[in-house]
Structures are given as C-alpha cells and as structure tokens.
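Data first, discussion second: the structure below is written as structure tokens.
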Amino acid sequence: MPSHPLRVAVVCSSNQNRSMEAHNFLSKRGFDVRSFGTGTHVKLPGPAPDKPNVYDFRTTYEQMYSDLVRKDKELYTQNGILHMLERNKRIKSKPERFQNCKDRFDLVITCEERVYDQVLEDLSSREQETLQPVHVINVDIQDNHEEATLGAFLICELCQCIQHSDDMENEMDELIQEFEDKSNRPFLHTVCFY
C-alpha cells in the first residue's frame with residue numbers, strides 16, 4: 001500500500017457533474033481528492049441544446065445557481081441542474097481548471113477521452129522536476145446525472161483497489177484490466193512524470 005493516502009484528481013470538462021459526483025463519493029470515503037474541468041469555459045444545459053449557459057471558471061457555484069434561478073427556476077429545478085449546483089456548493093466554492101493547478105497527484109481520473117487527451121497534453125508540457133509518476137486513467141462516463149452516479153461508484157471502487165494495492169506501480173495494468181472486464185467499459189491508462 002502507498003505510504004501516504006492516495007492523492008486523486010477527477011477531471012471532466014466543466015467540473016460540474018461527473019467530476020463533482022466522484023469528488024463527493026471519494027471525499028466521503030477519506031480520499032485526498034480534488035476535482036477539475038479542462039474546458040475553456042463552464043457550460044451548463046440551457047433552454048435548448050444550442051443555447052447552453054456559459055460561465056467563466058471564476059464564477060462561483062452560488063453565482064451560477066442564482067443566475068439560473070433568475071432565468072428559469074422551474075426549468076433548472078426540473079432538469080436537476082439546481083440540485084447539482086447545491087451539491088457542488090457543499091463541496092467547494094467554484095469550478096477549477098486542471099491546467100491551472102500545479103499540485104501533484106498519484107492518480108488523475110478523467111471522465112471522457114477528449115479530457116484525457118487534454119490532461120496528457122498539459123502534463124507533458126510541464127517541467128519534469130522530481131520524476132514522480134502520475135497514473136492517468138480514463139473512464140468514459142456519459143454526462144448525465146445517472147451515469148455520473150454510476151461512474152462515481154466505479155471510480156471510487158477503482159481508487160479503493162489501487163489504495164490497497166501492495167505495489168501500485170506494478171499492479172496497475174492488472175487492476176485496470178479487472179475493472180474493464182467487470183464494468184464492460186474500456187479504460188485508457190498512461191503514466192506521466194512530473
């Protein structure tokens with residue numbers, strides 16, 4: 001087992017649904033976890049698919065909540081966005097971009113392949129100082145409430161197995177293969193160095 005608690009980052013596009021649901025699950029189970037998005041802006045569903053609500057990453061969850069209540073409380077209550085923002089407010093004040101965080105993690109879990117590619121691109125552009133490995137794993141999770149919850153369970157179970165591994169570096173591929181078989185989902189995995 002690692003000599004310290006596993007430091008985990010969970011990353012989706014807007015740091016709203018998938019990464020925050022996993023952040024919530026992992027933090028309740030004692031993990032040292034942070035969550036992030038990789039997009040240039042935060043996007044939430046709007047009144048039509050081609051009219052999303054777009055916010056800057058500096059916008060707090062409270063400000064987004066108030067804005068959506070003002071725009072159409074019934075719509076955003078009915079589609080679950082206000083409930084999601086209430087959860088997010090309990091976890092942290094605002095979304096964060098992965099590219100702006102220089103903290104080190106043992107494990108970075110992404111929720112879609114495009115985000116995985118953005119994380120790998122960012123990590124490869126950073127200066128390597130300690131050559132500390134970071135495992136980047138992608139678990140494809142559709143961006144809806146139900147899939148975010150199922151994905152959070154899967155991510156939490158994966159993190160628990162990795163945390164209890166005797167030799168994370170040498171057992172990682174085997175652990176991921178087990179989870180691919182169990183979940184019937186393909187996982188991507190790359191090791192980067194800081």
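Would you please give the FRET efficiency between S93 and F153, computed as 1/(1 + (r/R0)^6) with r the Cβ-Cβ distance and R0 = 25 Å, to the nearest 0.05? Approximately 0.45, to the nearest 0.05.
When a 1.4 Å probe is rolled over the protein heavy atoms, the share of accessible surface on the chain that falls to carbon and sulfur comes to 47 percent. Of the residues L75, V42, I141, the one whose Cα sits farthest towards the positive end of the charge dipole of the chain is L75 (charges of +1 on Lys and Arg Cβ, -1 on Asp and Glu Cβ, taken about the Cα centre). Only the Cβ atoms of Lys and Arg (+1) and of Asp and Glu (-1) were treated as charged; on that basis the dipole of the chain about its Cα centre amounts to roughly 1220 debye. Summary value for segment 93-183: 25 percent relative contact order, contacts being C-alpha pairs under 8 angstrom separated by 6+ residues. So how tilted is helix 113-125 from the main axis of the chain? Cα-based, degrees 0 to 90, rounded to 10. Value to nearest ten degrees: 60. For the chain, taking a cut-off of 4.7 Å between Cβ atoms, the unpaired cysteines are C101, C156, C159, C161, C192. Close lysine pairs were tallied over segment 20-134: pairs 8 or more places apart or on different chains with Cα atoms under 27 Å apart number 26.
Under a model in which nothing but the beta-carbon of Lys, Arg (+1) and Asp, Glu (-1) is charged, segment 19-130 shows a dipole of about 520 debye around its Cα centre. Size of segment 1-96: Rg and Dmax of its alpha carbons, in Å, are 14.3, 49. Taking label points 7 Å from Cα along the Cα-to-Cβ direction, S125 and H145 give a separation of 3.6 nm. Under a plain spin-label model, where a point goes 7 Å from the Cα along Cα-to-Cβ, how far apart in nm are C101 and H4? Label at C101, label at H4, 1.5 nm between them. Remark: segment 93-194 carries a charge dipole of roughly 480 debye about the Cα centre, counting +1 on each Lys and Arg Cβ and -1 on each Asp and Glu Cβ.
The simple spin-label model puts a point 7 Å past each Cα toward its Cβ; for D167 and H83 those points are separated by 4.6 nm.
Sorting E112, E169 by solvent-accessible area of protein heavy atoms yields E169, E112, largest first, with a 1.4 Å probe. A straight chain from V191 to R114 at 0.36 nm per residue would run longer than the Cα-Cα distance by 26.0 nm. Of the beta bridges DSSP finds with both residues in the chain, what % are antiparallel, to the nearest 5? Restricted to the chain, the bridges split so that about 40 percent are antiparallel.
Place +1 on the Cβ of every Lys and Arg and -1 on the Cβ of every Asp and Glu in segment 78-194, take the dipole about the Cα centre, and give the residue among L158, I176, V119 whose Cα lies farthest towards its positive end. Selected residue: V119.
The values are calculated or read from the model by the stated rules, or taken from the named source; none is laboratory data. Predicted model, so just to flag it, every value in this text is computed and none were measured. Quick reminder, even Gly has a Cβ in these numbers, built from the backbone with ideal geometry, and neighbours come from all protein chains shown. These accessible areas exclude ligands, DNA and RNA; they are computed on the full protein's heavy atoms, side chains included. Shrake-Rupley method; radii C 1.70, N 1.55, O 1.52, S 1.80 Å.
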